[in-house]
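Accompanying notes for the structure given below.
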Amino acid sequence: RPGGDRIYGVFDHQLPAALKKLPFDRHLSLKNVQKVVTEADGYQPHLIAPEQGYRRLIDGSITYFKGPAEASVDAVHFVLKELVRKSIAETEELKRFPSLQNDIATAANEALERFREESRKTVVRLVEMESSYLTVDFFRKLHAAPEKKPEKNGNPPGPNNDHFHDTSLARIGSNVSAYIAMVSDTLKNTIPKAVVYCQVREAKRSLLTHFYAQVGRKESTPILEVIYWVLLIITSLTASPAAVLVEKERLSAMLDEDPQLMEKRTQIAKRLELYKAARDEIDAVAWK
């Protein structure tokens, strides 16, 4: 249960904090806005609004969201991995079988890695989708403020007050900043959905499904049934028993007990035989 709180903390604290730290102020500074808009126009200055400049500024800003998105994936992966480690370590039934314990840990971690990779691809797609299609209505609803013409002071017009004077550039930066804030709010809600769908839910549903398919066998025996259901209880899974198909040798190898425990059992068995032999000798003397 503490794992759920930690995952929620990633979504409720770490992700929003990371989004707030993104360097949009630097990217949308007056100097950079002028540079991007000028380069986007090329040799033909824009006639009405610098649309290509807007698009480049938005694309450049949205790219910053990939970092926090991937960091959220990694943070949740770490929590899930730690939960698996603790669960296996605290399960008394598995301590007798170190080989089985190691195989379960390996299978679980391999599954978590697959879930993480799928989650990473999904959250990156979410970010890229925001760049691929912009919300046009957002800009249509913006009230364009009239541009302030540069004052005539007898100086020849320079590049800074020709088409891209400070007021116009500031408005462009402000509009893009408002749009990016809207995108940030959207991703703050959709990234957790993607992470839960690809990682948390899959971990709950099918963490060891592939492992069960490797461990099972066609000819069922009581010990195999017991071990199988113990694994189901340990991981709280609902995998179908019909999915369990595996060779006997594979399971036997995993059921190798701790050598120290095996040695202790052998010693106890030998001691028991000695006790029985002593008892028989005592009984034989008593009857004479």
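The values are calculated or read from the model by the stated rules, or taken from the named source; none is laboratory data. A quick note: this is a predicted structure, and the numbers were derived from the prediction, not measured. Cβ: placed from backbone, ideal geometry, glycine included. Neighbour counts: every protein chain shown. Each accessible area value is taken on the protein alone, full model and side chains, heavy atoms only, with ligands, DNA and RNA left out. Shrake-Rupley method; radii C 1.70, N 1.55, O 1.52, S 1.80 Å.
Kirkwood radius and radius of gyration were both taken over the C-alpha atoms of region 1-133, and their ratio Rg/Rh is 1.23. Please find the FRET efficiency linking HIS210 to ALA49, where r is the Cβ-Cβ separation and R0 is fixed at 41 Å, and quote it to the nearest 0.05. FRET efficiency, HIS210 to ALA49: 0.15. Within the assembled protein chains, the solvent-accessible surface assigned to TYR64 is about 80 Å², based on a 1.4 Å probe.
Kindly state, to the nearest 0.05, the FRET efficiency for GLU39 paired with GLU92, given R0 = 51 Å and r defined as their beta-carbon distance. Efficiency, rounded to the nearest 0.05: 0.20. Among the GluC sites (Glu not before Pro) in region 1-93, those placed in a DSSP loop whose Cβ has at most 15 other Cβ atoms within 10 Å are GLU90.
The gain in end-to-end length when the SER174 to TYR133 segment is fully stretched comes to 12.8 nm, 0.36 nm per residue minus the alpha carbon separation. Of the peptides 176-185, 189-198, the order by per-residue mean of other Cβ atoms within 10 Å, starting with the highest, comes out as 189-198, 176-185. Summing charges over all other residues whose Cβ lies under 14 Å from the Cβ of PHE65, with Lys and Arg as +1 and Asp and Glu as -1, gives +1. Taking Cβ atoms as reference points and 10 Å as the exclusive limit, the residues near VAL76 contribute a net charge of +2, counting Lys and Arg as +1 and Asp and Glu as -1.
Length gain on complete extension for the stretch ALA71 to GLU118, per 0.36 nm per residue less the alpha carbon to alpha carbon distance? The partial results should precede the final answer.
Details: separation 47, 0.36 × 47 = 16.92 nm, distance 1.40 nm.
Full-extension gain reported as 15.5 nm.
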